[in-house]
Ligand SMILES: [Zn+2]
């Protein structure tokens, strides 16, 4: 099942404001905003943008706190290949890819489905990949207080692929490590596990 929930309710005032601006933008770009195919586009785009930026209204720490359990397990927990869709804050174009996250519990574990939700909360904003990586890392570190956290994100950026340099196949990798993952052996074990097909 997709980790993405549908935002069912849209703020009417925001939808109207954004819609009227999209209509202006479409016209300024040289289109006829009143032709049949575009007539409902400003409203659809206004709703899509609210959906894609809904992370501003959700507290990621609360999501983790809602499913933390006391547990003595103290081996590495890895959630890999978490789908990720975000918007680059420089061009408001998508970047997308995968996040791989690990933590080493220190008395508490968290419901596994909560980690992809934390990714969503920070991805559904205007972002840069570096800050997205850091936001996820710090949220897990500060809330779960594990012995260590690791976050690796691999993403393709439409602003690079569709315009400018047109590096179609380039993937940007960012990573962050806290606690025990700052030790080279632990970090290497994690990197080896996320690059293997056995999981
Ligand atoms: Zn960009």
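Things worth noting here:
- Failed item in (1) modelled with pLDDT of 95 or more; (2) within 14 Å of residue 81 (Cα to Cα), with residue 185 passing the rest: (2)
- Strands (runs of 3 or more DSSP E) fully within the stretch 15-124 that include at least 3 residues being at pLDDT 95 or above, loosely packed, with under 13 Cβ neighbours inside 10 Å and within 13 Å of the chain's Cα centre (by Cα): none found.
The values are calculated or read from the model by the stated rules, or taken from the named source; none is laboratory data. A quick note: this is a predicted structure, and the numbers were derived from the prediction, not measured. In this analysis, Cβ positions are derived from the backbone assuming ideal geometry, glycine residues included, and neighbour counts consider all displayed protein chains.
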